[in-house]
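Structure record follows, encoded as structure tokens.
The values are calculated or read from the model by the stated rules, or taken from the named source; none is laboratory data. The model shown is predicted, which means the values in this text are computed figures rather than measured ones. Here Cβ is always computed from backbone atoms with ideal geometry, including for glycine, and neighbour counts include all displayed protein chains. Areas reflect the complete protein model, heavy atoms only, side chains present, ligands, DNA and RNA absent. Shrake-Rupley method; radii C 1.70, N 1.55, O 1.52, S 1.80 Å.
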Amino acid sequence: MPELIDRWLGAQLATVPDYHEFPGVDATAAAFAEIAAAHPRVARLARVGTSRLGEPIESLVVGDGARHAIVFAFPHPNEPIGGLTATHLARQLCADAALCGSFDLTWHVIGCADPDGARLNEGWFGGPFTRTHYARNFYRPAGDEQIEWTFPFQHKTAYFDAVLPETAALVRLIDRLRPAFMCSLHNSELGGAYYYLSRPLAELYPVLQAIPTALGVPLHRGEAEGPSIKTLAAGVFAEMRADEIYDYQESLGQDMSAFRSGASSSEYASRYGTVTLIGELPYWTDAAADDTSPAPISHAQALRDQADGLADFLDVAGAALAATRADLRVGTPFASPFTRAASYFIDALADLPAANRRRADAPEAQRPATVAEAASCADVVHSFRLRYGGMLLRALDGELAVGRGTPAIRAQHARLAAVFDDWCAAAAAVTPAEPLPIRSLVATQYAALLATARQVAGREAAGR
């Protein structure tokens, strides 16, 4: 183990078992019920809310510390690593009194914050863990239906109060507990591990960087998820805030009247001084993920290539959506979740190619790209084609399955299915055949969570 991972953290890493698949909603709920039943003196299940389709959302409450920590998995329903991380955390807190008592925290651990959406991803949770199988069984809600991005928000001309029932459950919990620490357990797709922090904690950065390296997971050194995001250290970013995204897009001259999403959980909890960690772990990686050597192209060219690839994708997907929009009942209450999500993202990405070309024209983009930057720019095209093209294909599949295969739906399904196979083949050509071990991903999230909680506990103790 690297020197930065001390004996205590190393011992906790050793507790993480091997995994071969991701459990679904029912299995995760059963695991939490089993943990509560096995440890009635130290833990209890508490109902915190109800999903839109009527599923209970529960937290496991462990410990009796003076301050509170909230940990929740499935902030996006296509991100199941956190379900295993939350389950392991809950089990360890109950079984290890010394661990639970070391933070002076009462823990509130939610195994699945979006059960409805998670069920729509269960088709790929058991593998095979290829990008093609993932994409054909993928679901990510439209932006204004995502739990992580539907917290109350008001900024300039933007106003969002269409808070989802699942988000409202987290709002109530945050308002009631005013947590000292919160962790939202996320996944990326391809590349390396990276983190978001709600405030700078410079002494924590080396530990966060060392954890994935010790577990064979590269640290992400490519592009940030968005140009408005501030880098704190390699693989560590400042929290992504809706107000900063709004201001950046406004500075580019974009029409902000269509800004539809709310704030993030981290942004909302910041009113209480909460330290929030978001851990992003990939399923697949490649050698370029942490390669900072110069690439044979400029950063500007990497951005232009990405813009061209996204524009081609939007031409194909946009044409398929335009031809079937009426039959898919886009914009009506009768549209399926896949239709709502695919149409949202295809429409929302319309301005991205032009924005990337503007970035490419800036003087600072004329430098050489790093290998990691070039690879991450290229993979955005693969990821978006598979994610959003796959959801549009699922929307068309659904209409055919229930007997609503109009001529337009049948024609566009055939065209999109053919080009989607080409997109999958192109992605597979640059993606390793073997995914990262699930244990390494869970262990990275688990150790990063504990390290940050320990940092918060140490700072609070120093201030008392």
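Would the stretch 418-431 turn up any residue that is in contact with a strand residue (DSSP E or B) (Cβ under 9 Å, 6 or more places away or on another chain) and open to solvent by less than 40 Å² (accessible area, probe 1.4 Å)?
yes
Restricting attention to the stretch 183-222, and to residues there that are closer than 23 Å to Phe22 by Cα and among the aliphatic types (A, V, I, L, M), which single residue is surrounded by the most Cβ atoms within 10 Å (Cβ to Cβ)?
Leu185
I'd like the full set of residues that are open to solvent by 60 Å² or more (accessible area, probe 1.4 Å) and over 23 Å from Glu122 (Cβ atoms), limited to the stretch 391-417. Outline the logic, then answer.
Of the residues in the stretch 391-417, the ones open to solvent by 60 Å² or more (accessible area, probe 1.4 Å) are 400-404, 407, 410, 414-415.
The answer is Gly403, Arg404, Pro407, Arg410, Ala414, Arg415.
Can Ser376 be described as of a type in the set (S, T, N, Q) and open to solvent by less than 20 Å² (accessible area, probe 1.4 Å)?
Spelling it out, it is not the case that Ser376 is of a type in the set (S, T, N, Q) and open to solvent by less than 20 Å² (accessible area, probe 1.4 Å).
Residues that are among the small types (Gly, Ala, Ser) and within 19 Å of the chain's Cα centre (by Cα): which helices (runs of 4 or more DSSP H) entirely in the stretch 366-464 hold 3 or more of them?
Per the criteria, 371-401, 438-463.
Starting from the stretch 378-397, keep only residues that are without any contact (Cβ under 8 Å) to a residue 60 or more places away in the chain and on the phi > 0 side of the Ramachandran plot, then list their pairs with residues that are among the β-branched types (Val, Ile, Thr) and buried (at least 24 other Cβ atoms within 10 Å of the Cβ) whose Cβ atoms are within a distance under 8 Å, requiring at least 6 positions of separation or different chains.
If the second residue must be among the β-branched types (Val, Ile, Thr) and buried (at least 24 other Cβ atoms within 10 Å of the Cβ), no pairs are left.
Could you identify the single residue in Ile35, Ile5 that is of a type in the set (A, V, I, L, M), at pLDDT 95 or above and surrounded by 14 or more Cβ atoms within 10 Å (Cβ to Cβ)?
Ile35
Which condition does Glu225 not pass, out of (1) buried (at least 17 other Cβ atoms within 10 Å of the Cβ); (2) under 19 Å from Leu208 (Cα atoms), if it passes all the others?
Of the numbered conditions (1) buried (at least 17 other Cβ atoms within 10 Å of the Cβ); (2) under 19 Å from Leu208 (Cα atoms), the odd one out for Glu225 is (1).
Looking at the stretch 56-87 only, could you name the residues that are assigned to a helix (DSSP H, G or I) and open to solvent by less than 10 Å² (accessible area, probe 1.4 Å)?
Once the filter is applied, which keeps residues that are assigned to a helix (DSSP H, G or I) and open to solvent by less than 10 Å² (accessible area, probe 1.4 Å), the stretch 56-87 yields Ile81, Gly82, Gly83, Thr85, Ala86.
Can you list residue pairs whose Cβ atoms sit under 6 Å apart, with the first residue in the stretch 255-278 being at pLDDT below 95 and the second being surrounded by fewer than 23 Cβ atoms within 10 Å (Cβ to Cβ) and among the polar types (S, T, N, Q)? Count only pairs 6 or more apart in sequence or on different chains.
These pairs meet every condition: Met256/Thr157.
Would you confirm, using the coordinates I've provided, whether Asp161 is closer than 18 Å to Ile70 by Cβ and open to solvent by 10 Å² or more (accessible area, probe 1.4 Å)?
no
Listed here are the residues, each with its yes/no results for (1) open to solvent by 20 Å² or more (accessible area, probe 1.4 Å); (2) aliphatic (A, V, I, L, M); (3) closer than 30 Å to Leu449 by Cα.
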{"position": "Ala287", "(1), (2), (3)": "yes, yes, yes"}
{"position": "Asp291", "(1), (2), (3)": "yes, no, yes"}
{"position": "Ser298", "(1), (2), (3)": "yes, no, no"}
{"position": "Leu303", "(1), (2), (3)": "no, yes, no"}
{"position": "Leu310", "(1), (2), (3)": "no, yes, no"}
{"position": "Phe313", "(1), (2), (3)": "no, no, no"}
{"position": "Leu321", "(1), (2), (3)": "no, yes, no"}
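Could you pull out the residue among Leu281, Leu252 that is surrounded by fewer than 16 Cβ atoms within 10 Å (Cβ to Cβ) and of a type in the set (A, V, I, L, M, F, W, C)? Outline the logic, then answer.
On the way: Leu281 fails: surrounded by fewer than 16 Cβ atoms within 10 Å (Cβ to Cβ).
Only one candidate passes the filter, namely Leu252.
For the stretch 344-368, give me the residue count where each residue is hydrophobic (A, V, I, L, M, F, W, C) and touching an Asp or Glu at 6+ places or on another chain (Cβ under 9 Å).
Filtering the stretch 344-368 for residues hydrophobic (A, V, I, L, M, F, W, C) gives 345-346, 348-350, 352, 354-355, 360, 362, 365.
Still in the running and touching an Asp or Glu at 6+ places or on another chain (Cβ under 9 Å): none.
The number of residues fulfilling the criteria is 0.
Scan the stretch 92-119 for residues that are open to solvent by 10 Å² or more (accessible area, probe 1.4 Å) and closer than 23 Å to Pro437 by Cβ and jot them down.
Gln92, Cys112
Working only within the stretch 181-240, note down all residues that are touching a residue at least 40 places away in the same chain (Cβ under 8 Å) and of a type in the set (D, E, K, R).
Glu189, Arg199, Glu203, Arg221, Glu223, Glu239
Give the stretch 213-245 a look and list any residue that's of a type outside the set (A, V, I, L, M, F, W, C) and over 20 Å from the mean Cα position of the chain (by Cα), or say none.
Thr213, Gly216
Please specify each residue of the stretch 169-180 satisfying the condition of being in contact (Cβ under 8 Å) with a residue 24 or more places away in the chain and either open to solvent by 10 Å² or more (accessible area, probe 1.4 Å) or closer than 29 Å to Val380 by Cβ (or both). I'd like the intermediate steps shown before the answer.
So in the stretch 169-180, the residues in contact (Cβ under 8 Å) with a residue 24 or more places away in the chain come out as 169-174, 177-180.
If the condition is that a residue be in contact (Cβ under 8 Å) with a residue 24 or more places away in the chain and either open to solvent by 10 Å² or more (accessible area, probe 1.4 Å) or closer than 29 Å to Val380 by Cβ (or both), then Leu170, Val171, Arg172, Leu177, Arg178, Ala180 are the ones that fit.
Quick check, is Glu166 among the acidic types (Asp, Glu), farther than 24 Å from Pro282 by Cα, under 17 Å from the mean Cα position of the chain (by Cα) and open to solvent by less than 30 Å² (accessible area, probe 1.4 Å)?
yes
Scanning for something assigned to a loop (DSSP other than H, G, I, E, B), open to solvent by 20 Å² or more (accessible area, probe 1.4 Å) and in contact with a strand residue (DSSP E or B) (Cβ under 7 Å, 6 or more places away or on another chain), does the stretch 120-142 turn up at least one residue?
No, there is no match, as no residue in the stretch 120-142 is assigned to a loop (DSSP other than H, G, I, E, B), open to solvent by 20 Å² or more (accessible area, probe 1.4 Å) and in contact with a strand residue (DSSP E or B) (Cβ under 7 Å, 6 or more places away or on another chain).
Across the stretch 219-251, which residue is farthest from Asp351 (Cα to Cα) among those that are among the hydroxyl-bearing types (Ser, Thr, Tyr) and out of contact with any His (no Cβ under 6 Å at 6 or more places or on another chain)?
Thr231
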